[in-house]
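Let me begin by presenting the structure, written as structure tokens, before commenting on it.
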Amino acid sequence: MLVTTFVIALAGCANTIRGAGQDTANAVDATVDATNNVARSGN
């Protein structure tokens, strides 16, 4: 029972870390897109 609980907790933690990584990647992509839009509008 304890092992099962531990495995479920680890799986939940891994999903959270992966989700945070995806959120960070999306924020970086949005920043790059915004920068490109500003650069294009200046030309």
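The values are calculated or read from the model by the stated rules, or taken from the named source; none is laboratory data. Every value quoted in this text rests on a predicted model; they were computed, and no experiment measured them. Because the Cβ atoms are built from the backbone with ideal geometry, glycine has one as well, and the counts that use them run over all protein chains shown.
Cβ-Cβ under 9 Å, sequence separation 6+ or interchain: first residue in the stretch 26-43 and in a helix (DSSP H, G or I), partner of a type outside the set (Asp, Glu). Which pairs?
none
For the stretch 1-27, which positions are at pLDDT below 75 and among the polar types (S, T, N, Q)?
Residues satisfying the conditions are Thr5, Asn15, Thr16.
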